[in-house]
Structures are given as C-alpha cells and as structure tokens.
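What follows is a set of notes on a single structure, which appears directly below.
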Amino acid sequence: DGGITQSPKYLFRKEGQNVTLSCEQNLNHDAMYWYRQDPGQGLRLIYYSQIVNDFQKGDIAEGYSVSREKKESFPLTVTSAQKNPTAFYLCASKQGNYGYTFGSGTRLTVV
Amino acid sequence: GEDVEQSLFLSVREGDSSVINCTYTDSSSTYLYWYKQEPGAGLQLLTYIFSNMDMKQDQRLTVLLNKKDKHLSLRIADTQTGDSAIYFCAEIPRTDKLIFGTGTRLQVFP
C-alpha cells in the first residue's frame, strides 16, 4: 500500500543535541512538507519541497534544516538552535490538488 | 492575507448532527479541505470541495461553501463516538501551501 512513513514515533532529545526525523513516501509525489503542531494549536509550516534538490522555508524555519536528495525522502533535522522543540511533527506529501497525504507523526520531547 | 479560523470546541450527543464552521480570508483558493485528526495520529483527509461548488455530500458528511462570506462548514449526520476527534479546515491559496485552521475538537457524548 502507498503511503507516508514517519519514524520514530517518539523521540527524546537532550538539550544541545541535533536530532533527525525521517519521512519516506512511496506515492511518487513531487511535493513534501513538514509541519509542527503544538497542543491546542493548528499546524505551522516549517519547510517544504516542490521537487528533488529544492526546498523553501515555511513560516517557522528557524532552528530546523532539511534535505531532499531523493524524491521519496524528506528528513527534518531539529538543531540545537531550536529553543523550544517539544512538539508533534507531521510530514505530508502532495500531487495535484487533491489534498495532502499525512504521515502518522513523530512526537519529540526535550529531556 | 491568509488566515483560517475555527471555533475550538464542539460537544454533541450521539445520534445528533454536528456542524463545524470555518472562515477563510483568501478568495483565490481553488480547493477547500476538511481533515480529521484522532489522538496521537496524523491527519486524514475527510473530504474536499472545489471552489465553484456550493455543496458536496459524501455519506454522512455534507460540506457547504459560501464563497461570498468565505464560510465553509462540515455537517456530520448521526454523529457517533468514533467521530470524536479534531477537525481542521484548510485551503490552498495562490502560494500553493496548505493553510490550516486552528482545529475544532469534537466531543461526542452518549
């Protein structure tokens, strides 16, 4: 079955550490997105990529980095510069206008 | 500008209809969407409506679009406990980035 796989489901980060969240899709979608969700809030766009080897900053890109070396993969690195990284992170992909397909999310907690 | 607003909470009795409302500001959006998020999960696309339509029905779901007032609603008939979740409306304006509302938490009680 086609879909988006995010891993891990839960991730713990120590202060000052970089961590990388994985997002893989086998839908052959060109565009991929990373969103952050905080409790009781909507989704905020971190980074997006319309095509391989190209990506753009979203509304809250500071403290995050991405790469898009393969069409199937769009990993997100949460760097030590992100001062409040505890959140639920959602990856999505899109082809055409029929909505986005979302992964099941990664919950990141700073310990 | 791009802004999507929803009320935060809705509580309904099982078997009643639920109506979740949404207002948006960008009239350039071609499609408008409703997503459902269950606890600890990703978002599931429930339905979408093309901007030149007024209404779309899909089983228990009815979407109404009032373009003049930039108002979108989702009606769930015969609401069940399994419908308890957060519901997000979303639009894709000319920027081609999906803009989400804050989400409405629907609670269904017996």
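A few comments on the model shown:
- Residue tally, condition under 13 Å from the mean Cα position of the chain (by Cα) and either more than 25 Å from B:Y33 (Cα to Cα) or more than 8 Å from chain B (Cβ to nearest Cβ) (or both), over the stretch A:89-110: 5
- Within the stretch A:41-85, if we keep just the residues that are among the hydroxyl-bearing types (S, T, Y) and crowded, with 20+ Cβ neighbours inside 10 Å, the residue that is farthest from A:G103 (Cα to Cα) turns out to be A:Y64.
- Some residue of the stretch B:26-34 being surrounded by 17 or more Cβ atoms within 10 Å (Cβ to Cβ) and among the charged types (D, E, K, R): no
- Candidates A:S80, A:S65, filtered to the one that is in a loop (DSSP other than H, G, I, E, B), closer than 20 Å to A:V19 by Cβ and more than 13 Å from chain B (Cβ to nearest Cβ): A:S80
- Any hit, the stretch B:50-72, residues being surrounded by 19 or more Cβ atoms within 10 Å (Cβ to Cβ), among the β-branched types (V, I, T), farther than 24 Å from A:Q95 by Cβ and in contact with a Leu (Cβ under 7 Å, 6 or more places away or on another chain): no
- Yes/no for A:Q17 being assigned to a loop (DSSP other than H, G, I, E, B) and either in contact (Cβ under 8 Å) with a residue 12 or more places away in the chain or more than 11 Å from chain B (Cβ to nearest Cβ) (or both): yes
- Residues that are of a type in the set (G, A, S) and more than 30 Å from B:S51 (Cα to Cα) within the stretch A:53-104 comprise A:A61, A:G63, A:S65, A:S67, A:S73, A:S80, A:A81, A:A87, listed in sequence order.
- Among the candidates A:D59, A:D38, A:D30, the residue that is among the acidic types (D, E), within 22 Å of B:A85 (Cα to Cα) and in contact with a strand residue (DSSP E or B) (Cβ under 7 Å, 6 or more places away or on another chain) is uniquely A:D38.
- Elements of the type strands (runs of 3 or more DSSP E) sitting completely within the stretch B:55-94 and holding at least 1 residues that are under 17 Å from B:V108 (Cβ atoms): these cover B:61-66, B:71-76, B:85-91.
- Between B:K36, B:K56, B:K97, the distinction of being within 14 Å of chain A (Cβ to nearest Cβ), in contact with a Gly (Cβ under 9 Å, 6 or more places away or on another chain) and among the charged types (D, E, K, R) belongs to B:K97 only.
- Within the stretch B:1-38, the residues that satisfy the criterion of being touching a strand residue (DSSP E or B) at 6+ places or on another chain (Cβ under 8 Å) and not in a strand (DSSP E or B) are B:E2, B:D3, B:S7, B:L8, B:E14, B:S17, B:T25, B:D26, B:S29, B:T30, B:E38.
- Any chance A:T77 is in contact with a strand residue (DSSP E or B) (Cβ under 6 Å, 6 or more places away or on another chain) and within 26 Å of B:A85 (Cα to Cα): no
We did not get these values from a lab; they are worked out from the coordinates using the rules stated. As the structure is a computational prediction, the values presented were derived from the model and not from experiment. Cβ sites come from the backbone with ideal geometry, for glycine too, and all protein chains shown count toward neighbours.
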